[in-house]
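Student: Sharing a structure, written as structure tokens. Questions coming.
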Amino acid sequence: MADIEAAASGSTDLQRSLRARHLNMIAIGGAIGTGLFVASGATISDAGPGGALLAYALIGIMVYLLMQSLGEMATYIPTTGSFEDYGTRFISPSFGFAIGWNYWYNWAITVAAELVAAALVMKYWAPNVPSWIWSAIFLALLVVLNSVSARAYGEGEFWFATIKVVTVCVFLVLGLGMILGIMGSPSPGFKNWTVGDAPFVNGGMGVLSVFMIAGFSFQGTELVGVAAGEAENPSETIPRAIRSIFWRILLFYIGAIAVIGFLIPYTNPDLLNADVDNLSVSPFTLVFHNAGIAAAAAVMNAVILTSVLSAGNSGLYASTRMLYALAKSGKAPRVFASTSSHGVPVPALIATTMVGAACFLTSLIGDGGAYTWLVNASGLAGFITWVAVAWSHLRFRKAFLAQGHSLDELPYKSSFFPLGPIIALIMCIVVILGQNYEALLGRGDFTTLLTSYIGLPIFLAIWAIHKLVTRAPAVSPKEADLSRPER
């Protein structure tokens, strides 16, 4: 066990410098962002307070099950390659190759998307400054945080996430006070839960539509798996972070949706109009304003800006580490496997930064059509990664037992195996196929259908091409690599 605690992630030059508090905030920070602060209003408008609450609760359960699976593998085999490594070890080299590149381009493109969002938020304070200037400044900040050390990234993410957590906590306390009639206007009681078609609007299809949005909102919680390769004492810190995810998600998301549902009727048109360039009608802004907080819009703009920078910070870290891991396993050019004296894979960081910047530039050229396609391609990538986590866990357990191991050897055991990963796998597939079910049913044009699902054929093509070129067979449970990192 001592070897595992001190081990570097496989045969690497990375350093285990991320502490427990970093991992906790990386885990929860990945789940709190614009999906909660901005998109939550649209979900209540589409499905009503009851429908939104049910959808977020179901997605919260799915994420909890996935994190249970990831926690079991990440504590036993804490590697930076994570999803790529587990896919290669337990499913097939071709699947691992496809998952690794899928996860890399997912976050590399996300960095570009967050640069665009940050520039839009800054228009609130500086409407006349060209967007690209803000994007360049924020990109430089993210590169600095990621180029110093893993701990610098962890510290940056810790404080970014802390701001988000404090904001949600204040929101919940104020909201509860308003619901009880302690502050602000008289308590609305359950009026907004019975107005019109509430609490469930548009029936099951309303819940399904929110189910997709909620799923995208929770993407990023799996970052703790990538960070496991640079975590101090992973057999202790990873389980602690995993256990905290479900309860914090339950508190923050379910609590926030409930507060909004009590205080703002789903018929309020502002709930549909909130966006990163129109945060004055964010449901959080509306509630803070009704509570009598001066400059509520300015406060939420600042919080949203930290959320955007947090996502960009995590995106640059995750994609850099995945490219590094791909290079270490021979799935990317070896130049990306080298690190600085502080354990930072600088060549991988430079390459990922250039890709993110190039994707950002496509948003400024023409009508931005190429950029829209790129963002849509990355949208499904997170769910494909989650499918890989659940599938890899099922295969990991099969291999673990087939090779004569006892479950007592596992530092952390998933509580609901095998039902947990099976349910999570099915739910992820439902989200992937149903993210634009109207287009899939022929209610939209072909272009809409293709842009919605372009990420899936890209992933399948990468998987198939690698399989055809290498002829790599599927991994037999008795031959799966269960070796653990060594000193």
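The values are calculated or read from the model by the stated rules, or taken from the named source; none is laboratory data. It should be emphasised that the depicted structure is a prediction, and the values quoted were computed from it without experimental measurement. So basically every Cβ, Gly included, is an ideal-geometry build from the backbone, and we count neighbours across all protein chains shown. Calculation scope for accessible area: heavy atoms of the full protein, side chains included, ligands and nucleic acids excluded. Shrake-Rupley method; radii C 1.70, N 1.55, O 1.52, S 1.80 Å.
Student: Pairs under 7 Å by beta carbon, first residue under 18 Å from ASN301 (Cα atoms) and without any contact (Cβ under 8 Å) to a residue 12 or more places away in the chain in the range 123-140, partner open to solvent by 60 Å² or more (accessible area, probe 1.4 Å) and hydrophobic (A, V, I, L, M, F, W, C), six or more apart or different chains?
Tutor: Partner pairs satisfying both residue conditions: none exist.
Student: Identify all residues within the range 243-283 that are at pLDDT 75 or above, buried (at least 16 other Cβ atoms within 10 Å of the Cβ) and not in a helix (DSSP H, G or I); write none if there are none.
Tutor: Passing the criteria: ILE264, PRO265, TYR266, ASN268, SER282.
Student: Considering only residues that are under 16 Å from LEU482 (Cβ atoms) and not charged (D, E, K, R), which ones fall in the range 76-91?
Tutor: Result: TYR76, ILE77, PRO78, THR79, GLY81, SER82, TYR86, GLY87, THR88, PHE90, ILE91.
Student: Here is a further query. One residue is enough: does the range 138-149 have a residue meeting the conditions more than 25 Å from SER217 (Cα to Cα), hydrophobic (A, V, I, L, M, F, W, C) and at pLDDT below 85?
Tutor: yes
Student: Taking the stated definitions as given, is HIS466 over 23 Å from the mean Cα position of the chain (by Cα), modelled with pLDDT of 90 or more, more than 30 Å from ALA108 (Cβ to Cβ) and not acidic (Asp, Glu)?
Tutor: no
Student: Something else: For the range 337-367, what are the residues that are open to solvent by 40 Å² or more (accessible area, probe 1.4 Å), part of a helix (DSSP H, G or I) and either farther than 17 Å from THR80 by Cα or not β-branched (Val, Ile, Thr) (or both)?
Tutor: ILE350, MET354, VAL355, ALA358, LEU361
Student: Which of (1) in contact (Cβ under 8 Å) with a residue 40 or more places away in the chain; (2) more than 31 Å from the chain's Cα centre (by Cα) is the odd one out, the single condition PHE171 does not satisfy?
Tutor: Unmet condition: (2).
Student: Which residue pairs have Cβ atoms closer than 7 Å, lie 6 or more positions apart in sequence or on different chains, and pair a first residue in the range 398-418 that is assigned to a loop (DSSP other than H, G, I, E, B) with a second residue that is open to solvent by 70 Å² or more (accessible area, probe 1.4 Å)?
Tutor: Short answer, once both residue conditions are applied: GLN403/LYS478.
Student: Here is a follow-up. Out of the helices (runs of 4 or more DSSP H) lying entirely within the range 130-235, which hold 3 or more residues that are more than 24 Å from PHE83 (Cα to Cα) and open to solvent by less than 10 Å² (accessible area, probe 1.4 Å)?
Tutor: The helices (runs of 4 or more DSSP H) meeting that bar are 150-179.
Student: What is the residue count in the range 16-58 for residues that are hydroxyl-bearing (Ser, Thr, Tyr), out of contact with any Pro (no Cβ under 7 Å at 6 or more places or on another chain) and open to solvent by less than 10 Å² (accessible area, probe 1.4 Å)?
Tutor: Selection size over the range 16-58: 2.
Student: Also: Given the structure, is THR451 crowded, with 16+ Cβ neighbours inside 10 Å and among the polar types (S, T, N, Q)?
Tutor: Here the answer is yes, as THR451 does meet what is asked.
Student: Are any of the residues in the range 65-84 over 20 Å from the mean Cα position of the chain (by Cα), crowded, with 24+ Cβ neighbours inside 10 Å, assigned to a helix (DSSP H, G or I) and not β-branched (Val, Ile, Thr)?
Tutor: Checked against the condition, which is being over 20 Å from the mean Cα position of the chain (by Cα), crowded, with 24+ Cβ neighbours inside 10 Å, assigned to a helix (DSSP H, G or I) and not β-branched (Val, Ile, Thr), the range 65-84 yields no hits at all.
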